[in-house]
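The values are calculated or read from the model by the stated rules, or taken from the named source; none is laboratory data. Predicted model, so just to flag it, every value in this text is computed and none were measured. Note that each Cβ is placed from the backbone with ideal geometry, even for glycine, and that neighbours are counted across all protein chains shown. For accessibility, only protein heavy atoms count, side chains too; no ligands or nucleic acids. Shrake-Rupley method; radii C 1.70, N 1.55, O 1.52, S 1.80 Å.
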Amino acid sequence: MSARSEPKAPRKGRPLWERPEGGVPKPARPRDAASLILLRQHRGDWQVLMGRVELYVQRELGAAYAVRSSMGCGGWAKVPWLAVSDTSESTQHGLYLQYLIRADCTAVHFCLGQGTTKLKKLFGGAAASRHLRHVGEYVRKRCRTLLGDDSPFDLEGEISLGAGSNSLADGYEKASIVSRTYTIGALPDEATLL
């Protein structure tokens with residue numbers, strides 16, 4: 001679990017967790033610039049919400065797993081995420097499950113991903129990319145055996161986060177091994193997502 005403290009509640013009105021209407025305003029059309037501005041204006045609400053989801057998932061899974069999330073560090077993330085890993089691994093190295101929210105907020109990708117940060121620092125970008133491909137191919141082969149060809153998961157792990165090629169999201173796309181995409185209008189129930 002992350003060591004950060006829970007973000008402050010918005011100044012006006014009651015805190016998010018006390019609002020009967022569910023709190024965070026939902027933009028009507030996320031691709032609309034005004035809707036994206038609304039999202040950024042309510043960043044504190046979204047951070048509180050993501051922090052509460054992180055705590056909920058951690059409580060459900062217990063201490064055997066580490067749960068982390070990010071809405072951005074120092075700035076608004078193009079692709080917010082929530083990840084679950086073994087406590088010995090992190091989002092910087094190793095394998096982990098993650099939910100990635102598409103940059104335009106139209107879809108959520110559930111992925112088995114790989115940490116890239118430490119690989120890039122140790123070996124450079126080209127060697128890190130080769131390693132990610134090799135590990136991805138190896139794990140996909142095992143997933144095909146376990147899940148079969150009729151699996152609801154994309155066994156190629158291809159995702160599109162819509163955040164551009166020079167971003168962290170580009171690394172998330174390359175590091176995705178197996179995935180499943182849920183469009184916002186057709187999200188399954190909570191039990192299915194967890």
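Just the residues that are touching a Gly at 6+ places or on another chain (Cβ under 9 Å) and open to solvent by less than 60 Å² (accessible area, probe 1.4 Å), please, taken from segment 174-187. Spell out the reasoning first.
To start, the set of residues in segment 174-187 that are touching a Gly at 6+ places or on another chain (Cβ under 9 Å) comprises 174-179.
Selection gives ALA175, SER176, ILE177, VAL178, SER179.
Can you tell me which residues in segment 35-55 are open to solvent by 60 Å² or more (accessible area, probe 1.4 Å), at pLDDT 70 or above and out of contact with any strand residue (DSSP E or B) (no Cβ under 9 Å at 6 or more places or on another chain)?
Scanning segment 35-55 gives TRP46, LEU49, ARG52.
In segment 122-130, is there at least one residue being surrounded by 16 or more Cβ atoms within 10 Å (Cβ to Cβ) and either under 23 Å from GLU158 (Cα atoms) or modelled with pLDDT under 90 (or both)? Show your work before the answer.
From segment 122-130, those surrounded by 16 or more Cβ atoms within 10 Å (Cβ to Cβ) are 128-129; that's our starting set.
Among the residues that remain, those that are also either under 23 Å from GLU158 (Cα atoms) or modelled with pLDDT under 90 (or both) are: 128-129.
Yes, there is a match, as at least one residue in segment 122-130 is surrounded by 16 or more Cβ atoms within 10 Å (Cβ to Cβ) and either under 23 Å from GLU158 (Cα atoms) or modelled with pLDDT under 90 (or both).
Could you list, in sequence order, the residues of segment 148-177 that are of a type in the set (D, E, K, R) and closer than 25 Å to GLY94 by Cβ? Lay out the reasoning, then the answer.
Here is the first cut: in segment 148-177, the residues of a type in the set (D, E, K, R) are 149-150, 154, 156, 158, 170, 173-174.
Result: ASP154, GLU156, GLU158, ASP170, GLU173, LYS174.
What number of residues within segment 63-96 are in a strand (DSSP E or B) and surrounded by 15 or more Cβ atoms within 10 Å (Cβ to Cβ)?
The first filter runs over segment 63-96 and keeps only residues in a strand (DSSP E or B), leaving 65-70, 81-86, 90, 93, 95-96.
Okay, now just the ones that are also surrounded by 15 or more Cβ atoms within 10 Å (Cβ to Cβ), so 65-70, 81-85, 90, 93, 95-96.
The qualifying residues number 15.
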